[in-house]
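Since the structure comes first, as structure tokens, the remarks are kept for the end.
The values are calculated or read from the model by the stated rules, or taken from the named source; none is laboratory data. The structure presented is a predicted model; accordingly, all values stated were derived computationally and were not measured. Every residue, glycine as well, gets a Cβ built from its backbone with ideal geometry; the counts of neighbours run over all protein chains shown. Surface areas here come from the heavy atoms of the whole protein model, side chains and all, with no ligands, DNA or RNA. Shrake-Rupley method; radii C 1.70, N 1.55, O 1.52, S 1.80 Å.
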Amino acid sequence: MIELPVRDPCDLCEVAGREERWAIIDESEHTLTVINPWQFETGQCCVITRRHVATLLDLSREECESILVAAKRVAEALVKAYDPLGILTFQNNGVYSGQETPHFHFHVVPRQAGSDWGIGPPQLATFDGAGRRRGISHDPGGDAQRRTRVQVSAKQLAETADLIRSNLPPLRAA
Ligand SMILES: [Zn+2]
């Protein structure tokens, strides 16, 4: 059974209902693309569902399609805005896969040289080259410190969101 994290109230529902529109980069009928408050990489964002659903297993077919379309749109914007070395996408289902908020979110991350993430998402990076040894589980001891380091001001987040938004491809005519 997939154990879900508990967060009450749901922070992503709050983002979706928020008056301040600065956090929202892009939107569609089923999704919102938002700036991630923790900028492990500058420009890191998430595609979230408008509906409060927890995991991939709860999505409708329409939501599945909308999420990947939105992810591709923002990936294109990130490439234009930051000229990254790579685009990492990932999504966690359940606390044992690193999910921290029980509301579906799909990470889209521009990767740059010098990042200390290693090759994958922080909690999953077990490759030799990522500074962790295979078979060694993630030590969360330094996480609080890392989170503090990657938290940026609301002003800086808003500026990052503006830059990405200005690089979105035009919406295709229906
Ligand atoms: Zn929610």
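Take residue 64: with every protein chain present and a 1.4 Å probe, its accessible area is about 60 Å². Would you work out if the stretch 9-104 is rounded, prolate or oblate? Take a ≥ b ≥ c from the square roots of the eigenvalues of the alpha-carbon gyration tensor; rounded if a/c is under 1.5, else prolate when a/b is larger than b/c, oblate otherwise. Rounded, because the longest to shortest axis ratio a/c is under 1.5. As a calculated quantity, the FRET efficiency between residue 145 and residue 69 at R0 = 35 Å, using C-beta atoms, amounts to about 0.45.
Placing a pseudo-label 7 Å from each Cα along the Cα-to-Cβ vector at residue 83 and residue 95 gives an inter-label distance of 4.5 nm. The accessible-area ordering, largest first, of the residues 58, 83, 8 stands as 8, 83, 58, per a 1.4 angstrom probe. Of all the Cα-Cα pairs you can form in the stretch 56-112, what percent are over 15 Å apart? Cα-Cα pairs of the stretch 56-112 separated by over 15 Å account for 55 percent.
Rounded to the nearest 0.05, what FRET efficiency do residue 113 and residue 27 have when you use their Cβ-Cβ distance and R0 = 30 Å? Between residue 113 and residue 27 the formula returns 0.40.
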